[in-house]
1. Could you compute the FRET efficiency for GLN329 and ASP226, with r as their C-beta to C-beta distance and R0 at 51 Å, rounded to 0.05?
2. Over the Cα atoms of the range 290-420, how large are the radius of gyration and the largest Cα-Cα distance (Dmax), in Å?
3. Taking a probe of 1.4 angstrom, what is the accessible area of TYR65 in Å², to the nearest 10?
4. Determine one quarter of the surface area of the Cα convex hull of the range 96-135, which equals its mean projected area, and express it in nm² to one decimal.
5. Using a 1.4 angstrom probe on the protein heavy atoms only, could you order SER165, SER75, SER252, SER229 from most to least accessible area?
6. Restricting attention to the alpha-carbon atoms of the range 113-183, what are Rg (one decimal) and Dmax (integer), both in Å?
7. Hey, what's the range 104-224 come to in accessible area per residue, 1.4 Å probe, Å²?
8. Out of residues 5 or more away from ILE202 or on other chains, whose amide H comes under 5 Å of its own, with H placed 1.01 Å from N in the peptide plane?
Amino acid sequence: MTKMLCGYRVLDITQFVAGPTCSRLMAELGADVIKVELTPIGDHARRSGLSSRKKEYPNCTQSTYFAQHNHSKRSLAINLKSNEGQALIKKLIEQSDVLVENFAPGVIGRMGVSYNEVKKNNPEIIMCSISFAGQEGPLANEPGFDYMAAAYAGITEMIGENDRSPSQVSMAVGDSATGISAAMAVVVALLHRERTGEGQFIDCSLLDTYLQMHEDYIPRVGLRGDAASPERSGSQHPNGGPTGIFECGDGSFLQMMIMPYQWPRLLQAIGMPELEKDTRFNSPQNRRKNKYELQGIIEQWMAKIGDRQDILTILKDQRVPVAPVLTLQEAINHPHAIQRGAIRQIKDPFIGNFPIPGQPPIFSKWSHNNELRAPLLGEHNEEILTTICGLDKSEIVALHENGIINTDPTFFDSPPDPLK
């Protein structure tokens, strides 16, 4: 099947997670994504995660972190601080539809790739800049990553136990969500260009994304002030429900989320219909107020059973919304995730086979690629520079010799077929 973004070219001058997520989504949908990596070391993600087998490939720059976020792309490793490198990028810009970058505001401009310069070379290009706090505003020039944005958005302050300091979220939620939002924005801008012929600039911010994640607290606190702010409540949701994490008595946990109309179902499941008239729990407000006491009652019932699967069966029989709190290994191996392609495999010749997350949307007219591979640093230098920029072999050799481009030395060692 023809992929939906076939025919579009994306220049990806990004690193780590948010920017690479945006361009990876487009790569999987068929766009020709050229991963522009800064010499000599490339995307900093190449030095995170698990690396290649050093005994066999001591100089290889491949890593699981890089591969997860940059498979399905081509790599061009180039010195953008040089005049020659900037000239080559301008040639690529002339023949590209999209440019995505996620440096701090101003950095890409010092490399000669600001939007004002880019649109001179290609007025119809879509340029998307992803940053911590956006291109303008009081925080725009502050350095920052995902966790700083969560802190500024009032997210971090809400997580953890009430009698302790806020807790650290252990994954880059905002980076991933911002990358997805950016990809959506780019595709919408391309649709706009199809209709009008106009290119444009897109400003995506991690902080903006995190603020968007608040379910209903922003209007509530905006109207009533700090008194409406939820207190940190650890394993229980501040709104009660009961909603939260419950210990099963065998060392495992369940997640429940009970809406008011589902409260009788839970009481039927645990065999305590009398709690419906108990003044501590006879309204959503009272269940919220006494959520820890209610947690204790539910966990006592669970402890008597003492087996997570048996508890799940009882609760699901009454259609109580509940899920096991899986370990990451359990989540990776779950048949549902595997069947839907939410967990896939990369077959990397330098690292081995390993699982990565899938592509979230499922389309009726296109299916995911199951033969995934991430490029070595600068692997496609010659291919890109000859076919797009019109350089010949001697010019490419000179660029290598002068340090304008570079390539992972493993590439010249006849790497094995990645799909075998």
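1. Numbers: r = 41 Å, r/R0 = 0.80.
Efficiency, rounded to the nearest 0.05: 0.80.
2. 25.6, 77
3. 70
4. Value for the range 96-135: 2.6 nm².
5. Details: SER165 80, SER75 0, SER252 20, SER229 50 Å².
Of SER165, SER75, SER252, SER229, the descending order of accessible area is SER165, SER229, SER252, SER75.
6. 16.4, 57
7. 56
8. MET127, CYS128, SER129
The values are calculated or read from the model by the stated rules, or taken from the named source; none is laboratory data. Model, not experiment: these values are computed from the prediction. Cβ: placed from backbone, ideal geometry, glycine included. Neighbour counts: every protein chain shown. We work out accessible area using only protein heavy atoms, side chains counted, and drop any ligands, DNA or RNA first. Shrake-Rupley method; radii C 1.70, N 1.55, O 1.52, S 1.80 Å.
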